[in-house]
1. Among the acidic types (D, E), over 20 Å from F168 (Cβ atoms) and open to solvent by less than 20 Å² (accessible area, probe 1.4 Å) - does that describe any residue in the stretch 83-99?
2. Could you name every one of the helices (runs of 4 or more DSSP H) located completely within the stretch 41-150 that has at least 1 residues being of a type in the set (F, W, Y) and without any contact (Cβ under 8 Å) to a residue 40 or more places away in the chain?
3. In this structure, is L320 in a helix (DSSP H, G or I) and farther than 24 Å from F205 by Cβ?
4. Return the only residue of R240, R216, R232 being crowded, with 20+ Cβ neighbours inside 10 Å and more than 18 Å from the chain's Cα centre (by Cα).
5. Applying the selection to the stretch 20-42, what residues are modelled with pLDDT of 85 or more, of a type in the set (D, E) and open to solvent by 20 Å² or more (accessible area, probe 1.4 Å)?
6. Is it the case that some residue within the stretch 236-245 is modelled with pLDDT of 95 or more, more than 22 Å from G140 (Cβ to Cβ) and touching a Pro at 6+ places or on another chain (Cβ under 6 Å)?
7. Just one of (1) in contact with a Lys or Arg (Cβ under 7 Å, 6 or more places away or on another chain); (2) buried (at least 18 other Cβ atoms within 10 Å of the Cβ); (3) under 25 Å from H255 (Cα atoms) trips up K123, so point out which.
8. Scan the stretch 155-175 residue by residue and report those that are assigned to a helix (DSSP H, G or I) and among the basic types (K, R).
Amino acid sequence: VVMALGDSVTAAFGMAGKSLNPFSEFGEYRGRSWFIGGDSKATTTTSILRHYSVDGLMGYSKGHHLPEICFGPICPPLQRRHETDQLNAAQSGALAMNLFNQWNYLRDMMLDDKTIDIRGSWKLMNIFIGSNDMCFSCTGLFYTSPEEYERTLRAVLEDVRRTMPKTFVSLVEVFRVSALHRLAESIPSCRGVHRLLPVQCSCGFLPSVLGGDKLRKKMDQVADKYNEAITRVAADFQARGDPDFAVVSIPAFSHVKEKELEADFLSTTDCFHPSAEAHQVMGALLWNNLISPRENKTSDMPPRSEWDHLIKCANKDTRLYVD
C-alpha cells in the first residue's frame, strides 16, 4: 500500500504547463505525481515499485482533475475525488497544520476499505510538506513556526504509528523555495511572473526594492529549521526500535540550488511548481534515497545530462533503508 500527505507538489498542480484550456492548465495531475502517481508510462516512485513486481500494490492516484484547495488553515469539505485520488491525500495550498485533516481522511478511508489488510500489509507513506508554511512564515502566524511544524509532525506520526502497524514513513526534507524564485527570474519567459502572482508565496515573491531579498533569506533560515525538525523527529521515532514502524528523513532536494536547475524544471503555468519532467526526476531521486544507506543519500540536483539515467536498479538484496 502506498499513501501520501502533502501540498500542491504531491497533488501535481500545474504540471502540464500552459494550455488553451484553463481546466487543463490549472489542474492537478495526480496520476503523474512524483511519489504516488500511477498513470501508464509515468515515471514515479510508485511506478518503479510496481516495475519490481510488488504484487497487488494499492493506493496510487490516477488521472487529473481541478484542484483540491486549502486556504490557510481552512480546507473546504466535499473536494475529495476518492476514485482517482485513492490514497493521495495531498491538497494544493496545504500547510503543515492541515496534515491532521489529511491523515484523518486517509486513516478513516483505509479502515473502511475491506480490501486493505491493515495489520498484515506493509505500507509506504510519503510526507512532503512545508513550502506554503515557508511562504507565509514572514507574517508571524504561529502555525508556520518551526516549533509548531515539529509538533504537528510528531502528533500526526504518533497517530499513524498507533493505528497503522507495518508502516514505513519517508519524511522528505523541504527545499529552499527562494531558489525557485531566483531561477524564475533568470528565465526570460518567467521574469516578473511572480510579481503578478504574489499570493502564491507572499514572503518569497516581493521584488528586492520592497525587501524581498531579506524575506527570502529568512525563508531559507526557516527551511533549515524545518529540516532540522524533520531530522530530529525521524531520529526519535527510530530510537524506539519499533519493528513495525519506521520514520526516515529523506534529504533528496534539501540542498538544491538554482544553478543546478534548468528552465524546464518549472511549470510554464506559474514558473513555480514542478513541471512534468521535474516530477519524474523527483520520483527517481526519492527512490534512490529510499534504497540507499544514510551515507549514500543525496540532497542536490544532478546535472541535466543525467536526468534520463537517474534510477538506481534494484536486485534481490535491495531494501528500504531505515538508517
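The values are calculated or read from the model by the stated rules, or taken from the named source; none is laboratory data. Just so it is clear, the model here is predicted, and its values are computed rather than measured. With ideal geometry, Cβ positions are generated from the backbone for all residues, glycine too; neighbour counts draw on all protein chains shown. Surface accessibility is based on the protein's heavy atoms, side chains included, excluding ligands, DNA and RNA. Shrake-Rupley method; radii C 1.70, N 1.55, O 1.52, S 1.80 Å.
1. Yes, some residue in the stretch 83-99 is among the acidic types (D, E), over 20 Å from F168 (Cβ atoms) and open to solvent by less than 20 Å² (accessible area, probe 1.4 Å).
2. It comes to 99-112.
3. Working: in a helix (DSSP H, G or I): no; farther than 24 Å from F205 by Cβ: yes.
So L320 does not fit the description; no.
4. R216
5. Scanning the stretch 20-42 gives a single hit, D39.
6. Scanning the stretch 236-245 turns up at least one residue that is modelled with pLDDT of 95 or more, more than 22 Å from G140 (Cβ to Cβ) and touching a Pro at 6+ places or on another chain (Cβ under 6 Å).
7. (3)
8. Those that are assigned to a helix (DSSP H, G or I) and among the basic types (K, R): R161, R162.
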